[in-house]
1. Picking from I245, I320, which residue would you name as being crowded, with 22+ Cβ neighbours inside 10 Å and either closer than 30 Å to T19 by Cα or modelled with pLDDT under 80 (or both)?
2. What's the number of the only condition in (1) surrounded by fewer than 16 Cβ atoms within 10 Å (Cβ to Cβ); (2) within 23 Å of the chain's Cα centre (by Cα) that Y21 fails to meet?
3. Go through the range 253-277 and report how many residues are part of a helix (DSSP H, G or I), touching a helix residue (DSSP H, G or I) at 6+ places or on another chain (Cβ under 9 Å) and closer than 22 Å to K100 by Cβ.
4. On the basis of being open to solvent by 70 Å² or more (accessible area, probe 1.4 Å) and either of a type in the set (F, W, Y) or touching a helix residue (DSSP H, G or I) at 6+ places or on another chain (Cβ under 7 Å) (or both), does I302 make the cut?
5. Among the listed residues V150, V169, identify the single one that is within 14 Å of the chain's Cα centre (by Cα) and within 29 Å of R43 (Cα to Cα).
6. Output the number of residues of the range 197-222 satisfying the condition of being hydroxyl-bearing (S, T, Y), open to solvent by less than 10 Å² (accessible area, probe 1.4 Å) and closer than 11 Å to A167 by Cβ.
7. Could you check F77 against (1) farther than 22 Å from L158 by Cβ; (2) crowded, with 24+ Cβ neighbours inside 10 Å and say which number it fails?
Amino acid sequence: MSTLILGFLTSLIISFIATPYVKKLAEKVGAVDAPNQRKVHTRIMPRMGGLAIYLGYLVAFFLFVPYSSMSEMLGIFIGSTIVMTVGMLDDKYQLSPKWKLLGQLVATAIVVIPFGLKIGVVNLPYSGSIDFSSGWLFWLAVPITMFWIVGVTNAVNLIDGLDGLSAGVSAIAAATMGVMALLMGDYKVSAYCFVLLGAILGFLYFNFHPARLFMGDTGSLFLGFNLAALSIMGFKEALFVSFIIPIVVLGVPLWDTFFAIVRRIVNKKPISSPDKGHLHHCLLNMGLSHRSTVLTIYSISIFFGTMAILLTKTTKWTTIIVMVVLLIAIHLGTEIVGLVSRRHRPLINAYRRLKIKQTEQERRTN
């Protein structure tokens, strides 16, 4: 336990000390973010702050995280270093989406193929398990794992729209995975998670509203890649809900990304086209302040994290009930904030129609 605390404090202190210097570096090299119609900030801001997170993580990783040559843990480190570098180049030179995607695919291929990070046994409720480690399913493990890592990496990148939002949500996810790994007796994953958590919190002091710099793609791609890879490494052979837990832990970015895709399909727009319909935009449109919006999303992330921890300790029927409640809550939340469309609200509209019928019946009775 003392090693976990030391790893956490080391990454936090280094990240905290490094952030002002990274800010000066970003301004010097011209890695800045100019405001535009889609963005919330109103002045030119230095980005590339994710480099400070990486520096804290880098030192603490080699000092406190157990790893060996050709281990999955070392593979995650190498892969995350590659995507961090891609993010730095994007923050400076504005890379095209295809080059960013290529960099993510290279990083993911490295951690999956030579270092062997793949989904293993997926335990299903009431129907045994699916073993991806042998037979013909082995060949599906690689593309599924790569799809998951690239997808989560970009989902975390997409929610980086407000001061402290992506960093805070990532910190909550890392803390959740760290606690769950401890409960499962997986010291290596737990040590990694707490090192990552410390590095994020050291930076978050400068990134929370009003932010002094942004993490940029340097940070969001780095954090998304780490969280995606850790979710596979930590829970690929967990309890029978192992295929659900990573989805719940990363609930906010996955929820926002999924309904962004649905929204663009409904509105007949290209899936890759940017818009101002993300969760944080919707909460701002409802009248919440910048800080209140971020804290609200933090609360949602904590709710998802708590549910994920509970899922590892519940019975099968309780798990099913929890999942049903989660799905209903997600759908209601989506309709309330208008994440897809203000017009497409089937549950709310059904409730309103029911209330109208009840009112009409009461009038007739009276």
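The values are calculated or read from the model by the stated rules, or taken from the named source; none is laboratory data. Just so you know, these numbers come straight off a predicted model, no measurement behind them. As a convention, Cβ positions derive from the backbone with ideal geometry for all residues, glycine included, and neighbour counts pool all protein chains shown. All accessible areas refer to the heavy atoms of the entire protein, side chains included, with ligands and DNA or RNA removed. Shrake-Rupley method; radii C 1.70, N 1.55, O 1.52, S 1.80 Å.
1. I245
2. (2)
3. The qualifying residues number 6.
4. yes
5. So the residue among V150, V169 that is within 14 Å of the chain's Cα centre (by Cα) and within 29 Å of R43 (Cα to Cα) is V169.
6. 1
7. The failed condition is (2).
Yes/no matrix, rows are residues, columns are (1) at pLDDT below 90; (2) of a type in the set (S, T, Y); (3) not in a helix (DSSP H, G or I):
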{"residue": "L101", "(1), (2), (3)": "no, no, no"}
{"residue": "V106", "(1), (2), (3)": "no, no, no"}
{"residue": "V111", "(1), (2), (3)": "no, no, no"}
{"residue": "K118", "(1), (2), (3)": "yes, no, yes"}
{"residue": "S133", "(1), (2), (3)": "yes, yes, yes"}
{"residue": "L137", "(1), (2), (3)": "yes, no, no"}
{"residue": "I144", "(1), (2), (3)": "yes, no, no"}
